[in-house]
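**Q** Okay, here's the structure, questions in a sec.
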Amino acid sequence: MKKDTERTTVIFRKFRQGDIIALFPEIQADQSRGNCQSYQHTGQHSAASYRLVDDTKLAIPEEFMPLADELYSIGYKLNTRKRISKKWFE
């Protein structure tokens, strides 16, 4: 179980078929600067290319609250944002 002592920046996005993904843009997933950590109900934690935002739209609170509740239940303290800061890519 993850226990955050600080807030984790998260951006919730919605795929065309309705699935919601939580992107953690400040947590680099691997050596590729374009990949961040992500979380979904199915599959849970994984690497995701931040470029997938081109294939998704911003999720509204009513859409992402079940996933946010799941993240809270495993110990996250979330700082929900609408977009990434350019400094993450620097």
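**Q** Could you check how many percent of all C-alpha pairs in the range 8-83 are farther apart than 19 Å?
**A** It works out to 26 percent of all Cα pairs.
**Q** Sticking with this one: Give a residue-ordered list of calculated ³J(HN,Hα) values for the range 64-76 (Karplus: 6.51 cos²θ - 1.76 cosθ + 1.60, θ = phi - 60°; whole Hz; x for Gly, Pro).
**A** Using θ = phi - 60°, the values come out as 9, 4, x, 6, 4, 4, 5, 5, 4, 5, 9, x, 6 Hz.
**Q** For 49, 32, 38, which order do you get if you count the other beta carbons within 10 Å of each Cβ and list the fewest first?
**A** So the residues, fewest neighbours to most, are 32, 49, 38.
**Q** Report the label-to-label distance for residue 52 and residue 81 in nanometres (one decimal), using points 7 Å from each Cα along the Cα→Cβ vector.
**A** About 1.8 nm, to one decimal.
**Q** Note the full-extension length gain between residue 14 and residue 69 as 0.36 nm times their separation in residues minus their Cα-Cα distance, in nm to one decimal.
**A** Here the segment from residue 14 to residue 69 would lengthen by 18.2 nm.
**Q** To continue, here is another question. For the chain, what does the helix formula give at 222 nm: sum of -39500 (n - 2.57) over DSSP H segments with n ≥ 4, over the residue count, nearest 500 deg cm²/dmol?
**A** -4500 deg cm²/dmol
**Q** Something else now. Taking Cα pairs under 8 Å and at least six residues apart, what relative contact order does the chain come out at, in percent?
**A** Computed over the chain, the figure is 37 percent.
**Q** Something else: Once phi is turned into ³J(HN,Hα) by the Karplus curve 6.51 cos²θ - 1.76 cosθ + 1.60 with θ = phi - 60°, what whole-Hz value does each residue of the range 38-49 show in order, with x for glycine and proline?
**A** 9, 8, 9, 3, 8, x, 6, 6, 6, 7, 9, 6
**Q** Let me ask something else. Would you please name the GluC sites (Glu not before Pro) within the range 33-85 that are DSSP coil residues with at most 12 other C-beta atoms within 10 Å of their C-beta?
**A** Here no GluC sites (Glu not before Pro) fit, given the DSSP loop and packing criteria.
**Q** For 72, 50, which order do you get if you count the other beta carbons within 10 Å of each Cβ and list the fewest first? Could you put the intermediate results ahead of the total?
**A** On the way: 72 13, 50 20.
In increasing order of surrounding Cβ atoms, one gets 72, 50.
**Q** In debye, nearest 20, what is the charge dipole magnitude of the chain about its Cα centre with +1 on Lys and Arg Cβ and -1 on Asp and Glu Cβ, if you could check?
**A** Values: 15 positive and 12 negative charges, 67 e Å.
That gives the chain a dipole magnitude of about 320 debye.
**Q** Here's another thing I want to ask about it. Give the residue from 29, 39, 73 lying farthest towards the positive end of the charge dipole for the range 8-83; charges sit on Cβ (+1 for Lys and Arg, -1 for Asp and Glu) and the dipole is referred to the Cα centre.
**A** The one lying farthest along the dipole's positive direction is 29.
Every number here is computed from the coordinates shown, using simple stated rules; none is lab data. Note that the structure is predicted; figures quoted are calculated from it, not measured. So basically every Cβ, Gly included, is an ideal-geometry build from the backbone, and we count neighbours across all protein chains shown.
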